[in-house]
Every structure is written in C-alpha cells, then in structure tokens.
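Worksheet: one structure, shown below.
The values are calculated or read from the model by the stated rules, or taken from the named source; none is laboratory data. The structure presented is a predicted model; accordingly, all values stated were derived computationally and were not measured. Glycine gets a Cβ as well: all are built from the backbone with ideal geometry, and neighbour counts include every protein chain shown.
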Amino acid sequence: MALTFDLKATDGAARLGEVGTARGVVRTPAFMPVGTAGTVKGMLPGQVRGTGADIVLGNTYHLMLRPGAERVARLGGLHRFSGWEGPILTDSGGFQVMSLAGLRKITEEGVRFASHVDGTRHFLSPERSMEIQALLGSDIAMCFDECPALPAGRDRIAASMEMSMRWAARSREAFGHPGDRALFGIQQGGLEEDLRRESAERLREIGFEGYAVGGLAVGEGQEAMFGVLDHAPAQLPANRPRYLMGVGKPDDVVGAVKRGIDMMDCVLPTRSGRTGQGWTARGMVNLRNARHRDDPRPLEEGCPCPACAGGYSRAFLHHVVRSKEMIGGMLLTWHNLTYYGRLMAAMRGAIGAGRFADWERGFHARRAEGDL
Ligand SMILES: CNc1nc2cc3c(=O)[nH]c(N)nc3c(CCN)c2[nH]1
Ligand SMILES: [Zn+2]
C-alpha cells in the first residue's frame, strides 16, 4: 500500500496526524530514535517500542560501509537484520558523507569519499543511494542531497540547493514508485525564504510522498531555525508529512511542532544518555555532577522508565555513570527516549484537544535553566 497521511486535527500551525506505512502506523507529531547502524545504541527493539516510538531511523552511509547493503539484503533486509519490525526511515547518506567521511570529491554525478571506518574509497550518487535504501528495505527513503554547512553565502546556498534539486529528480527517477515504500524530498535553501520557496516548488513538481525541511540544525541557532520554520513548512504540501531533519533539544522539538512539523529525528536523547545526561520535564540533569552522589530521589518523579520507576536513585545513576558501568548509558538512554516519547504523546493530546498554546505555556513554565 502506498504511504498515507491522515491529518486528524490542527491547532494553530500544529498538526495531529497518522502516517500509514507498509509496516505500520506512525502517530504524528512523531520523534524518530536514531538507529544509525541498525541498532538504537544500548536498547533492544522491544525496549525502543516500549518508549512509544513508532518508527526508527537508519543510515545509508554507515550501513553501506559496514556490514554492506548487499549483505543486509542477503540476510533478509534491515527489519529482520536489526529485529525492528515496525516502520524504518533511512537517510540517504549525503549529510553523513559531509560530516564523517574524509577525502571527499563532489561532482554533479555524486560524491567519492574515504570511509571513516577503514579509509577505503566509496561512491554515492542519487542512483546508488536509492539502490542501497532499496537493498535495506526501508519503508521511507530520503532523496540524495547536499546539506551545506552554515554560515554560507547566498550564492553557495543557491548553487547547492539547485544541485540538490537535480539530485532529487534523479532520486525520484531511480526510486520509481514501488507500492510498499515511499520517497521523501528534502527542501534546501539555507535561511533564505525565496530559495526555500523555489526548492519547495521544484520538489512539488517532481512529486514525493512526504517532504523534509533539510539544511537546518547545522549551527544556525534556534532563533534562526525558528525563523525558517515560520515560513518553510507552509511552503510544502499540506496533505503530506513534513519532516524536520536532525532536530533536536526538547524546546526545539516543541517549537518545530508549533510551526507545523510532523516528524523529527535527533541523536540527542541517545547520544547524551551515553554521556550521563538525563532530560526531564524540568530540564537537563547531568548525572556526572558530584552533587547527585547522595541524592536518593529518582531522576524524574512520575517517569515510568526503569531508571525512574525501577527503584534507582540519582545517587546510583551518578555512581554507574562515573564508573562507566554499561548500565549507566543504558538506563539514561532508556529514560531519555521515554521522556521524548511522553513529550510527543503529550503534544499529540494537546493538539487533539485544541489546547496546544496552553500546554506549551506549561511546558516552558516547568523548565528551569541549566543542570538540575
Ligand atoms: C543534526 N542536524 C542535522 N541537520 C541535518 C540536515 C540534513 C539534510 O539537510 N539532509 C539530510 N539528508 N540529512 C540531514 C541530517 C541528518 C538527519 N538524521 C541533519 N542533521
Ligand atoms: Zn525515567
């Protein structure tokens, strides 16, 4: 079945919806835990599901390097390989090549690069990226694009956006229209409203099952990002999912939903969990901080996760984080994904009840600044 999007309610620019994929439904607004190389680090698939996640993200770049896309296909595809049977979205590799690979050479045809794993030479193009994503068998694939680092001059942003649009057309051509998998286009254009409008119109002409706002969360800062989100989502088709790539901290996520974004992904909850950071309704708690070493309280009152509801204290979390025990990163990852899952569920409830503005005021009121 082709990907469906059921827009159930709106509250201001915020939207409540459901994305239907061949592998199940994604309740939006949705946060996608990042399972870069076929695993959400430190979590079993059932545990990820238990945090409320309907969909996870995988990466073309990492999986093509190790264990290899053809190998994953021979072993039954990424769902079976990773044990996650729900919807999977794969990114196309363009962004990761720019942020991870060495010795890059970019031409109109594609990108040649050296693997950050073992230095071997590889090549990615719209065609090869679509082939890899098909071999992985993801439910939602992303166009092969270039995400320019900010700050960048307008000419550079324009040239990069135009190449990404040519690559979007080639991605669509190579991907085709398989019934059970979808392809999302990625809007570029930096912070420039007119370039973003041009990009959106080009993507609409080509035609995709969903549309991502790309080129953000690359150092521009929250104010500039929100400035783009004040106009970019509305430039994209209203009857299709809108995915903001690489976002973000809890207050970024809330601000993006407020501005009409339906899907997001970010490594923050998982990566910061491994470094001892716990995200809560009152803000971020750094469990490495010595002031927690005698604190008998749970990390977050009322949180149902094993770190909070399993009888553990902040003192214990501080201890296992400081002593680099595996359980430290596991528990904080589990907590952070639980927090993000509850945040998304709370926003879906608020939008459905037409009280998002009131809920947002409460969200900000509960948050103290800095480490708690
Ligand atoms: C962390 N910030 C961030 N910005 C992104 C932009 C793109 C972007 O413009 N294009 C693609 N393909 N991916 C992006 C990603 C990776 C998302 N998992 C981004 N991540
Ligand atoms: Zn918790």
- Note on the structure: Within the stretch 207-239, of all residues that are under 17 Å from the mean Cα position of the chain (by Cα) and in a loop (DSSP other than H, G, I, E, B), the one farthest from ligand 1 (Cβ to nearest atom) is Gly219
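Of the residues Ser138, Ser129, which is within 14 Å of Ser171 (Cβ to Cβ), within 22 Å of the chain's Cα centre (by Cα) and part of a loop (DSSP other than H, G, I, E, B)? Before the answer, list the steps.
Numbers: Ser129 fails: part of a loop (DSSP other than H, G, I, E, B).
On inspection, the qualifying residue turns out to be Ser138.
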- Query: Would a scan of the stretch 290-299 turn up a residue that is within 14 Å of ligand 2 (Cβ to nearest atom) and more than 27 Å from the chain's Cα centre (by Cα)?
  - Reply: yes
- All but one of (1) of a type in the set (Phe, Trp, Tyr); (2) within 16 Å of ligand 2 (Cβ to nearest atom); (3) under 22 Å from Arg367 (Cα atoms) hold for Tyr312; which doesn't? (3)
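Can you spot a residue in the stretch 338-356 that is within 16 Å of ligand 1 (Cβ to nearest atom), modelled with pLDDT of 95 or more and not acidic (Asp, Glu)?
Keep residues of the stretch 338-356 that are within 16 Å of ligand 1 (Cβ to nearest atom), which gives 340.
If we keep only those that are modelled with pLDDT of 95 or more too, we end up with 340.
Subset that is not acidic (Asp, Glu): 340.
Within the stretch 338-356, one or more residues are within 16 Å of ligand 1 (Cβ to nearest atom), modelled with pLDDT of 95 or more and not acidic (Asp, Glu).
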- Query: Is there a residue in the stretch 186-197 that is within 21 Å of Thr21 (Cα to Cα) and more than 16 Å from ligand 2 (Cβ to nearest atom)?
  - Reply: yes
- Message: Which residue is modelled with the lowest pLDDT, if the candidates are limited to the stretch 278-289 and must be in contact with a helix residue (DSSP H, G or I) (Cβ under 7 Å, 6 or more places away or on another chain) and away from ligand 2 (no atom under 11 Å from the Cβ)?
- Response: Arg282
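Which one of these is out of contact with any Pro (no Cβ under 8 Å at 6 or more places or on another chain) and farther than 12 Å from Ile132 by Cβ: Leu89, Leu78? Break it down stepwise before answering.
On the way: Leu78 fails: farther than 12 Å from Ile132 by Cβ.
Criteria check complete, one pass: Leu89.
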- Message: Can you find a residue that is polar (S, T, N, Q) and touching a helix residue (DSSP H, G or I) at 6+ places or on another chain (Cβ under 6 Å) anywhere in the stretch 2-9?
- Response: no
- Item | Given (1) assigned to a helix (DSSP H, G or I); (2) under 23 Å from Ala30 (Cα atoms); (3) of a type in the set (A, V, I, L, M, F, W, C), index of the condition Ala53 fails | (1)
- Item | Of all residues in the stretch 253-274 being within 14 Å of the chain's Cα centre (by Cα) and within 16 Å of ligand 2 (Cβ to nearest atom), the one that is surrounded by the most Cβ atoms within 10 Å (Cβ to Cβ) | Pro269
